[in-house]
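K.L.:
First the structure, which I've put down as structure tokens, then a few questions once you've had a look.
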Amino acid sequence: MANPKRRHSKARRNKRRAHDALTQPGWSVCPTCFEPKPPHCVCPHCGSYRGRTVIEVEELD
Amino acid sequence: MRHRVHGRKLGRTTAHRKALFRNQLIALFTHERIVTTVAKAKELRPVAERMVTLAASGSLPARRRVATMVPDKAVAKRLFDEIAPRFAGRSGGYTRIVRVGPRRGDGATLAVIEFVDYVPHTKGESGQESSKTSLMDRARGMFGAKKNGEKAGETAEAAETAATPLEEEAAAPEAEAQAEAAADEQPAGQSEESGEAEKND
């Protein structure tokens with residue numbers, strides 16, 4: 001059975017992982033309530049989309 | 001290469017897919033708005049619009065063709081008598097798809113598909129309202145969880161500073177707290193909603 005001859009050093013491991021970083025998901029700002037929201041989505045804070053169209057009513061009380 | 005490959009199979013056989021569209025058409029024509037995944041909504045749209053266009057003619061052959069995809073007679077009647085006349089001046093573009101956010105559980109992006117003249121219910125019918133709130137809870141549970149995990153402090157600050165207009169100033173921290181509470185309540189709200197969501201799928 002083929003086996004590794006040498007243990008990989010921390011440097012090797014870390015160099016491999018140098019390209020593994022995750023990128024932030026894109027965010028936009030809701031034009032109605034100025035909260036951050038995912039782009040092209042109904043604003044999870046105020047439930048509006050493209051100003052006029054209020055899609056979901058919020059009201060959680 | 002996937003050049004010129006049209007449409008999505010949605011992981012279903014032809015018959016299964018067609019059955020899905022039948023179910024969704026009935027739900028859409030009954031409720032005027034349904035929540036489903038973006039992929040399903042995009043596949044459903046042309047089918048739904050064809051039904052409305054057919055119904056606009058109101059002829060017997062049209063009724064029969066619609067009946068093959070809308071097997072519920074009461075719903076088909078409603079399509080011909082109530083929905084199609086509203087769109088008499090339009091040739092297509094009867095429906096709108098708006099993304100709502102990722103679904104808790106599998107992260108699929110949900111979307112609302114609705115008729116373009118749909119007016120969201122304001123406070124009143126308690127049943128309608130509760131389902132809508134739980135939908136919002138669902139979306140917000142996802143974002144709330146993400147915020148709490150990754151950058152709680154940052155967004156809390158953003159909420160404080162960004163929420164300038166009207167009573168938003170006071171509402172923002174409160175809403176933040178409620179979002180967290182809503183995230184905890186998630187299982188209850190979701191199970192309530194899941195029956196309907198399942199049906200829409």
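The values are calculated or read from the model by the stated rules, or taken from the named source; none is laboratory data. Predicted, not measured: the structure shown is a model, and the values here were computed from it. Quick reminder, even Gly has a Cβ in these numbers, built from the backbone with ideal geometry, and neighbours come from all protein chains shown. Side chains included, ligands, DNA and RNA excluded: accessible areas come from the protein's heavy atoms. Shrake-Rupley method; radii C 1.70, N 1.55, O 1.52, S 1.80 Å.
K.L.:
For a quick check of your reading of the model, give me the residue pairs whose first member lies in segment A:38-50 and is facing another protein chain (nearest Cβ under 9 Å) and basic (Lys, Arg), whose second is assigned to a loop (DSSP other than H, G, I, E, B) and open to solvent by 10 Å² or more (accessible area, probe 1.4 Å), with beta-carbon atoms closer than 9 Å and at least 6 apart or on different chains.
P.N.:
Close Cβ pairs satisfying both conditions: A:ARG50/A:PRO31.
K.L.:
Could you please find all residues in segment A:28-39 being surrounded by 12 or more Cβ atoms within 10 Å (Cβ to Cβ) and assigned to a loop (DSSP other than H, G, I, E, B)?
P.N.:
Answer for segment A:28-39, where residues must be surrounded by 12 or more Cβ atoms within 10 Å (Cβ to Cβ) and assigned to a loop (DSSP other than H, G, I, E, B): A:CYS30, A:PRO31, A:THR32, A:CYS33, A:PHE34, A:GLU35, A:PRO38.
K.L.:
Hey, another quick one. Testing B:GLY89 on (1) assigned to a helix (DSSP H, G or I); (2) open to solvent by 80 Å² or more (accessible area, probe 1.4 Å), one condition comes back false. Which one is that?
P.N.:
Evaluating B:GLY89 over (1) assigned to a helix (DSSP H, G or I); (2) open to solvent by 80 Å² or more (accessible area, probe 1.4 Å) leaves (1) as the failure.
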